[in-house]
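Trainee: The structure follows.
The values are calculated or read from the model by the stated rules, or taken from the named source; none is laboratory data. Given the structure is predicted, the values throughout are model-derived calculations rather than measurements. Backbone-built Cβ (ideal geometry, glycine too); neighbour counts: all protein chains shown. Please note that ligands, DNA and RNA were not included when accessible areas were found on the heavy atoms of the full protein model with its side chains. Shrake-Rupley method; radii C 1.70, N 1.55, O 1.52, S 1.80 Å.
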Amino acid sequence: MLSLLLQWLPIAIAVIAVVISWMMVSRERKARHALEAKFAATELVLKNSRHQHESLLKQFNELRAGTMGMSQKLADMADHLEHIEDRQGEISMLDPDGKLYTRASKMVELGADVNELMEECDLPKAEAELLLRLQQKMAQPRRR
């Protein structure tokens, strides 16, 4: 029996070695497939991240261009407003009646009535009433 056992021992060892090798190859394949799946998922995440980065960069550039355009428009409007204010000041200096209406407007802001406007600014009653109504209308909040 010992001789029979010694005869089959190399075959048994070979079979065991084949089984162990097959199990190791199967585990390696499973591990490799798991790593490939993780790698594919990582590549997908990276691709999505790059796409999102490009989209955000494009949006940022559009916002920056819009902001720069808006800044330029605001600067142009400020220059235009300054020019208009200067021109208005020049016109008010040239028009002596304008000074009178400016004074009457200030008096209305301070609470003057029609009679005071007529006496202090030498305005006709119709003009004093008109100025008073205009000033009151401008003081009301605008409704939309």
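Trainee: For Leu46, which of the numbered conditions (1) exposed (fewer than 10 other Cβ atoms within 10 Å of the Cβ); (2) under 29 Å from the mean Cα position of the chain (by Cα) fails to hold?
Mentor: Result: Leu46 fails condition (1) only.
Trainee: Sticking with this one: If we scan region 49-60, do we find a residue that is within 25 Å of Ala139 (Cα to Cα) and of a type in the set (A, V, I, L, M, F, W, C)?
Mentor: Initial filter on region 49-60 (within 25 Å of Ala139 (Cα to Cα)): none.
Within region 49-60, none of the residues are within 25 Å of Ala139 (Cα to Cα) and of a type in the set (A, V, I, L, M, F, W, C).
Trainee: What are the residues in region 106-120 that are without any contact (Cβ under 8 Å) to a residue 12 or more places away in the chain and of a type in the set (Asp, Glu), if any?
Mentor: Listed by number, the residues that qualify are Glu116, Glu119.
Trainee: Hey, Ser105 hits all of (1) among the polar types (S, T, N, Q); (2) open to solvent by less than 60 Å² (accessible area, probe 1.4 Å); (3) modelled with pLDDT of 90 or more but one; which does it fall short on?
Mentor: (3)
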